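One structure below.
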Amino acid sequence: MSYKIALYPGDGVGPEVVTEAHKVLEALPVAFDFTLFDWNSGLYASTGRCAPEDYLDRLMPFDAILLGALGDAAKAPDHIAVEPLLAMRKGFDQYVNIRPAVLYEGVDCPLKNVKAGEIDMVVIRENTEGEYTSLGGRHYVGTPNEAAMQVNYFTRMGTERIMRYAFETARKRERRHLTSITKSNALKYSMVFWDAVLADVAVDYPDVTVSPMLVDAAAMNFVRSPRMFDVVVGSNLFGDILTDIAAVIVGGMGFAGSANINPTRKFPSMFEPVHGSAPDIAGRGKANPIAAVLSTAMMCDFLGELDCAERVRAAVRMHLTEGKVRTPDRGGSDSTSAVGDDIVKKLQG
C-alpha cells in the first residue's frame, strides 16, 4: 500500500525541518508518494494570498499533510499568512489537535528535580470552534467609537466529540486520568456549558478519573506539578496556550510535535511541529527538527503503521540519550541536517 503525502514546508525554518522529517519517512519500510507544495508568504506580494485559491481542493486527495510552519511578518501580515493553517483545520474538520509532552532522557528540563519520564502528558485540544472562530467584526473603524467583537462559539456536537476522543485516549493509557480545562468561574455560558457536557460524557467512562481545573490553575500546575497530568482536554484557546508551556517544560518548542486529526478520515489529517517559523534563524541550519520528526511518528500512528511510529520515536530517544549531535537550542553547534542524519542513522542501525 502507498500513502499519498503532501509536503507543505511553508515559511522560515519550515522547509529545513520538513526536509529532515521527509528524510526520516523515506528511511522507513513504507511506500510513500510525496508531492511538494511550495506555498508561502512570498506569494503575498504578487497575489495578495499565501496559497492559491484552490489549495484545499488540491490537498483533498492526500492521506496526510506534513506542514512546516507558516508566517513571515516581513512578507505578509500574520493573520493572512496563517489563514491556510486555520482553513485546513476547519475545512478538513480536523477537530482533534493532539500535542504530547514527554521529557526524554538527554534533554534538560528547566524545572528543578524533574527527571526523564516524569513528565508524560498528552493535551487534546478542540481544533475547529471555541475561541478561534471568525464570528465577530470591527465596527466604526477609524472613529472614536471604534469597537471589535470576537465571538466564542461552542456546539454540543463539537464539545462532546472532543471529550469522547480525550476519554478514549485516557482509557488507553495506564493512569486513565483526564483533566478538563475551563474558566467556569468567569465564563458563565461557554465554560459552564463545557462542564455540563463533560459531566454527561463522563457517565460513559466510569473507568477514567476526571478532574476539572481552571486554566489559570492549570498554567501554574504545569510548572509546579507537571507529574500530576496524564491526558488534558481543553478548548481551542486554552489548549493552544497550555501546550506552549508543556513544550517548554520538556525542553523547548523544538520537541513539540502535533497532529490535527479528522478521525472519520473523510478528509486528510495534518501533522506539524508546534513551533513557529522563526524567520530570524531561517536558512542558517540552526533549527531543531525533532518536533517535525516526532510529528511524522504521529502520522505513522494515524496511518496504522504503528511499528514504524515506534521505530521513529525509538530513534529519537537514542539520538537524545546519546547527545552527541545537538542544535544550538540544545547547547550544541550541529546543523539541522546533521540531527536529521543522526536520527536516520539510528533508525537504520
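Does the stretch 127-135 contain at least one residue that is assigned to a strand (DSSP E or B), on the phi > 0 side of the Ramachandran plot and assigned by TED's automatic domain parsing to the domain that holds Phe238? Yes, some residue in the stretch 127-135 is assigned to a strand (DSSP E or B), on the phi > 0 side of the Ramachandran plot and assigned by TED's automatic domain parsing to the domain that holds Phe238. Candidates are the residues of the stretch 271-306 that are under 11 Å from Gly68 (Cβ atoms) and polar (S, T, N, Q); the one that is farthest from the chain's Cα centre (by Cα) is Ser277. Within the stretch 158-181, the set of residues being outside any helix (DSSP H, G or I), in contact (Cβ under 8 Å) with a residue 12 or more places away in the chain and out of contact with any Pro (no Cβ under 6 Å at 6 or more places or on another chain) comprises Arg173, Arg175, Arg176, His177, Leu178, Thr179, Ile181.
In the stretch 11-67, what residues are surrounded by 15 or more Cβ atoms within 10 Å (Cβ to Cβ) and either on the phi > 0 side of the Ramachandran plot or β-branched (Val, Ile, Thr) (or both)? Once the filter is applied, which keeps residues that are surrounded by 15 or more Cβ atoms within 10 Å (Cβ to Cβ) and either on the phi > 0 side of the Ramachandran plot or β-branched (Val, Ile, Thr) (or both), the stretch 11-67 yields Gly12, Val13, Val17, Val18, Thr19, Val24, Val30, Ile65. Residues that are under 16 Å from Ser295 (Cα atoms) and of a type in the set (S, T, N, Q) within the stretch 235-253 comprise just one, Thr243. Pairs are defined by a Cβ separation below 6 Å, a sequence spacing of at least 6 or placement on different chains, a first member in the stretch 188-215 that is surrounded by 12 or more Cβ atoms within 10 Å (Cβ to Cβ), and a second member that is of a type in the set (Phe, Trp, Tyr) and part of a helix (DSSP H, G or I); the pairs so defined are Tyr205/Phe167; Val208/Phe167; Val215/Phe238. Going through (1) exposed (fewer than 13 other Cβ atoms within 10 Å of the Cβ); (2) assigned to a loop (DSSP other than H, G, I, E, B) one by one, Ser184 falls short only on (1).
Counting only residues that are without any contact (Cβ under 8 Å) to a residue 40 or more places away in the chain and either surrounded by fewer than 16 Cβ atoms within 10 Å (Cβ to Cβ) or within 20 Å of the chain's Cα centre (by Cα) (or both), the stretch 307-330 holds 6 of them.
Could you tell me which residue of the stretch 55-98 is nearest to Val293 (Cα to Cα), considering only residues that are part of a strand (DSSP E or B) and of a type in the set (Gly, Ala, Ser)? Only one residue fits best here, namely Gly68.
The values are calculated or read from the model by the stated rules, or taken from the named source; none is laboratory data. Note that the coordinates shown come from a computational prediction; the quantities given were computed from them, not determined experimentally. No Cβ is skipped: glycine too gets one built from the backbone with ideal geometry, and neighbour counts run over all protein chains shown.
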